[in-house]
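Read the figures in this text as sums done on the coordinates, not as results from a lab. These figures come from a predicted structure and were not determined experimentally. All Cβ positions, even for glycine, are placed from backbone atoms using ideal geometry, and neighbour counts span all protein chains on display.
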Amino acid sequence: MLGFNPGDDRTVADWKQIADYFTRLDKSSDRVQLQDIGKSTLGRAMFVAFISAPENIRSLEKYKAIQAKLADPRKVTSDAEREQLIRDGKTVVVISCSIHSTEIVASQLSMLLAYNLASANDTDTLSILQNTILILIPSPNPDGVDIVANWYRKTLGTASEGREPPELYHHYAGHDDNRDWFMINLKETKAVTRLMWKEWFPPIVYDIHQQGSNGSRFFVPPFYDPPNPHISPLLLRQVGLIGHKMAADVTAAGFKGILTNALYDTWWHGGFRTAPYYHNSIGILTEAASARLMSPSNVTHEQLDRSATRGMRSATEVTTNFPNPWEGGVWHPRDIMQMELIACHSVLSLAANYRADYLNNFYELGKANLASARPGEPLAYVITAGQGRDENLAKMIGALVEQGVEVFRLDQELHGETASQLLLTAGNVGSKGTLIRRVTNVTGFAPPEIPAGSYIVFLNQPYRQNVLALFEPQVYPDRITPTGEAERPYDVAGWTLPMQMGLQSLLVMSLRESPGQRKLSLIRSENDVRSDLGLALWTSDKSPIANPVKPGIRVAIYQNSRAGNMDEGWTRYVFDTFNVPFQTLNEGALNEDNPRARFDAIVLPSDRTREPAEPGAEESDRGISDVGLRNLARFVEDGGTLICFDGSCGPLIKRWKLPLRNVLEGLRSADFYCPGSVLRVNLDTANPIARTMTKETDVYFINSSAFELTNTPRPVFDGEQTPWPVRVIARYAKENVLQSGWLLGEEKIKDRVALAETQMGKGRILLFGFRPQHRGQTWGTLPLIWNAINSSGR
Ligand SMILES: [Zn+2]
């Protein structure tokens, strides 16, 4: 019905074709049942396919109920009941395809996998169907399937065949659609999170990806170091077991170039395959070498030889974790599909053969998390109401509730004695009561009362590890290469949620007296919050937030049209979420003319020119053109406000000779290194842009910027040469800069300028060294953006 076999060279099925294929399968096979799970950001219908034996498919509600009990052992009343549940239950496995839409082969594979399971009658397949329930997600980003399929078809046979589309393949997030799994900003994340951690509780989740073209053919777990300290060792071992089974099966089928224990780590939180670890489940990632979308690629021995990563010095060198290098040649989408198909069967056959073990381990991990705290161990986190950040509180608690974290709400305030008992020993200390290295301890915090509307997150709950992984400051280990450079983590190093949200959370270390059950209510959804309490919890798609920008101010967000920029996408996300009207100012329009007649404020998202992936690649020319920069300068001189985030500051400073210098530029990572981390700044709260903020504020830094002021003379303007008027609005802290994550070379950044404002003509330029809206997660620093816009005049 497609007119081709999934995986054929130069063919691609778009979302409608994939959906039609599954609909037919649903109609013709009693092993397959589709379920709608919601709408994508651009309105496409999202669905998943349940695949199992017909008798299981007919009893899905029964198995769902079993999973809900195994996921929360408090619901299991006796050993006999537990044994019965494990005897009756099936291993629920989620397999998800192509969340990254250019990693396109798995979305095509989904049809073949479903067809095979729906039609084969060999013993292995029958055992899989009997013992497992597969929830197959053909793509958790259907919009992206079409963006890539349409682009691929349009460019087939042209010079652009096989290249990536010049736009984000998720409307807001692009590639970062797989960085959203604890913040739950995107509709797609919400839909899949609900399916997994509110409804089905799968003990095994397999997320299928592709990597670059020139290295190993297939990465499978175990992962590289460092592991996140909140992932159970039992889970890490089971991740390794499944990965090695995949590696063995793919090797047995004759494939070469299979890599384990390299590049990808389990440190960061927020990915499709990392969220399971904090829900007592096994998360598996595989990364197949990419072809050129659905066109074959040709990989030379020299390219393989040069390909190196953490854990692999060269894709031609035999090592224990890479015993059988591939010799190079033509690489087809079909090769990718076959390896992924084998890997799917590896995971499903293990899930079938060791069904009882998987269910039992899943139950036991949840149970272990329910143990009461021993003396000296933390009991709970309290997030007090009345911090002046009600929207942030609503969003953070909403995100926790959406991912199944149990949160209680205080319906009455606690006064005096009771309150101080609760918070007697609270403070921002690490788990086990020890001070976290390099992180300030907040002591002596004992407010006279805890207001109604405050939230309490107890740690003895099935998802205890998720609470700790989100609330504790991350302490990334100093990992240095033999040449003395910093070893780059796979993703960010720190993400502590309350810090990003600008909310104080207090760790409760002892509680002499229960605050009384009648005063606490368990929050499972927005319906559980009394409506007279206003914006207390927010989980819905529709934002309840009132526009913080003054009416009449005309705002633009600059968009480079030659390539997608995720920071631009997240900026739009944040503006849409806060109901701030804006227009996109694209490159073409900026090249035409001074935008001052149309706009009062322009935001330049962070857009650092990336190093070209291959020598000679064209990516290096994606900055703003000379003409565009000239028009932007006139915009400011005519009274406009230009707001620059991180990577967009550098070109302006250089071209316009602004009186600042990024002191971190050009430093070796041996001297300074700070991948995604939370840092502390001191704000000048007398400045209107920081007036609503607290003096000490946490900001997000991801290989970002720190400035010093220079004596660069001001270009002659209006006939007179005067010094640049510069106002420093924020400096990185003088000590204890790092709050969460990893920072090497603190002395290079401390007390340096983090946010400054300078005048040019009648207008102003705001230079953010950090990322005030990173991934839509840093709500704590969003007011700086709104204040900056509000300070612009017409
Ligand atoms: Zn990927």
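Remarks
- Each of T189, T712 was scored by other Cβ atoms within 10 Å of its Cβ. Listed from fewest to most, they are T712, T189.
- Counting every C-alpha pair in segment 72-222, the share spaced more than 21 angstrom apart comes to 57%.
- Residues within the reach of a label modelled at D9 (point 7 angstrom out along Cα to beta-carbon, backbone nitrogen below 18 Å), restricted to segment 325-339, are 328-339.
- Order of K198, K550 - criterion: other Cβ atoms within 10 Å of each residue's Cβ, fewest first: K550, K198
- Computed helical MRE - 222 nm, the chain, DSSP H runs ≥ 4 contributing -39500 (n - 2.57), nearest 500: -9000 deg cm²/dmol
- Computed on the chain, with alpha-carbon pairs under 8 angstrom and 6+ residues apart, the relative contact order is 11 percent.
- Counting every other Cβ atom within 10 Å of each residue's Cβ, R464, R179, R237 order from fewest to most as R237, R464, R179.
- Where GluC sites (Glu not before Pro) fall in DSSP loop in segment 264-322, at most 12 other Cβ within 10 Å: E317
- FRET efficiency, R74 to T712 (Cβ-Cβ, R0 51 Å, nearest 0.05): 0.20
- Efficiency of FRET from Cβ geometry, T300 and K64, R₀ 41 Å, rounded to 0.05: 0.20
- Pair-distance profile P(r), taking every C-alpha pair of the chain, with 20 angstrom steps and integer %: 15, 48, 32, 4, 0
- Translational diffusion coefficient (Stokes-Einstein; Kirkwood radius from C-alpha pairs) of segment 188-312 at 20 °C, 1.002 mPa s, in µm²/s: 137 µm²/s
- With R₀ fixed at 35 Å, the C-beta to C-beta distance from T685 to E413 puts the FRET efficiency at about 0.80.
- Percent antiparallel among DSSP beta bridges (both partners in the chain, rounded to 5): 60 percent
- What the phi angles of segment 481-492 give under the Karplus curve with 6.51, -1.76 and 1.60, with θ = phi - 60°, is a coupling list of 7, x, 8, x, 7, 6, 8, 5, x, 5, 10, 6 Hz, glycine and proline written as x.
- Linear extension gain, T692 paired with T23, 0.36 nm per residue minus alpha-carbon span: 235.5 nm
- Each of N141, T41, F458 was scored by the projection of its Cα onto the charge dipole of the chain, and the greatest displacement toward the positive side belongs to F458; charges sit on the C-beta of Lys, Arg, Asp and Glu.
- Between the amide H of L660 and those of T710, distances stay under 5 Å, these residues lying 5 or more places away or on another chain, with hydrogens modeled in the peptide plane.
- Across K62/K542; K550/K750; K550/K734; K654/K748, pairs whose alpha-carbon gap is larger than 24 Å: K62/K542; K550/K750; K550/K734
- Extension gain from N591 to E55, taking 0.36 nm per residue of separation minus the Cα-Cα distance: 186.6 nm
- Normalised alpha carbon radius of gyration of segment 1-150 [divisor 2.2 N^0.38 Å]: 1.16
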